[in-house]
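Below is one structure, written out as structure tokens, with a few remarks after it.
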Amino acid sequence: MTALPENLMLIITTIVAVLASIGVFFLILTRLSLVFQSSVVKSDPDTAHIYWIYKSPFWIKLTDRMFVVSSILLGQYSKLVNCVVKRLNPSLEGKRVLQISCAFGNVSEKIAESCARQDAEEFVLTDIMQSELDNAERKLKRFGKLCSYSRQDATKLQFEDQSFDYVVAFFLPHELPFDKKVAHIKEAKRVLKPGGKVVFGEFHKPRLKILEFFGRIYFKIFEPYATEMWDNFDLAEMIDDKQDDSFRFEKDTFLFDNFQVLAAKRLV
Ligand SMILES: C[S@@+](CC[C@H](N)C(=O)[O-])C[C@H]1O[C@@H](n2cnc3c(N)ncnc32)[C@H](O)[C@@H]1O
């Protein structure tokens, strides 16, 4: 085997060292900020689980970038969004569409585009943080009256029973503590009309052990409630809990099953 030229080795070592230092810096910064948030800052129990980035207009503006969400979702962001939009079928014409909680990137824009193209009745966005709703409104300005914004907790929605044809939640359940996850799913189902569909974009337990290993480390640091999605909170089981409604599922997974789009059509 021929040895790499000394200069090339130096360049590679420097690049790796710089990337590793940036990684460690952000890791420590984020971890410390989370510890600070949970122990020092007195929060409302309804919003204590929410990452400080989602609460601050400054940080939202700074971090709501496609390359940020694409990196976090390991290059799968656009595939996930396209799949969510594809599952809003057969037609959005005259339909009421709800997105429970805002998300970074262009997922809401893509849903709104589909709603506009197919003449949906309305697209309602909710979030527990006003700063997130303001950010969504800024991104969706061009859709005018098609979109409306309402500050609501996903675990106690203020909408009437069976009032939406489509309900979307993009990477929300993994952010919620267990009891709130359960309440959120129950609410998403409550507001869904029979024949309607609820569509989730979410993490999924990966097939590859190496992805699971690094995923657990990542979740430990950044997403304290996410491993529940792997260990004791099965999204499909939580939706179809064999009560008085019933569902038909369509599931797509991405990147060795690391991500999923789960669509559940309510049959009765
Ligand atoms: C849906 S997740 C999206 C995370 C994902 N990493 C992204 O941005 O693509 C984050 C959003 O959930 C919202 N959120 C968290 N808990 C909530 C709750 N109980 N009810 C409604 N919205 C909530 C936060 O305010 C934030 O806007």
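Bear in mind that the values in this text are calculations on the coordinates, not laboratory data. Please read all numbers here as calculations on a predicted model, not as lab measurements. As a convention, Cβ positions derive from the backbone with ideal geometry for all residues, glycine included, and neighbour counts pool all protein chains shown.
Rounded to the nearest 10 degrees, what's the angle between the helix 6-39 long axis and the longest principal axis of the chain, both from Cα atoms, 0 to 90? Helix 6-39 sits roughly 50 degrees off the main axis of the chain. Fewest neighbouring Cβ atoms within 10 Å first, the residues 63, 13 line up as 13, 63. For the chain, the longest principal axis of the C-alpha atoms and the axis of helix 178-190 are separated by about 40°. Reducing segment 70-113 and segment 220-268 to their Cα centroids gives an inter-centroid distance of 17 Å. With neighbour counts taken as other beta-carbon atoms within 10 Å, the residues 185, 72 rank, fewest first, as 72, 185. Compute the angle between helix 209-222 and the longest alpha-carbon principal axis of the chain, please, reported from 0 to 90 degrees and rounded to the nearest 10. It is inclined by approximately 80 degrees.
In straight-distance terms, cross-link reach from residue 55 covers every one of the aspartates and glutamates whose alpha-carbon lies under 18 Å from its own, apart from those fewer than eight places away in the same chain; here that gives 44, 46, 64, 127, 132, 134, 137, 153, 175, 223. Within the listed set 20, 103, 136, the Gaussian network model of the chain (springs between alpha-carbon atoms below 10 Å) gives the highest mean-square fluctuation for 20.
Listed values for segment 64-76 are Karplus-derived 3J(HN,Hα) couplings in whole Hz (6.51 cos²θ - 1.76 cosθ + 1.60, θ = phi - 60°), namely 7, 10, 4, 5, 5, 5, 5, 5, 4, 9, 6, x, 9, and x replaces Gly and Pro. Partners of residue 95 within straight-line reach, counting lysines whose Cα lies under 18 Å from its Cα and excluding those fewer than 8 residues away in the same chain: 86, 110, 145, 189, 193, 197, 265.
Neighbour counts of C-beta atoms inside 10 Å place 204, 49 in the sequence 49, 204, starting with the fewest. Of the trypsin sites (Lys or Arg not before Pro) found in segment 139-242, the ones in coil according to DSSP and having at most 13 other Cβ atoms within 10 Å of their Cβ are 156, 207, 242.
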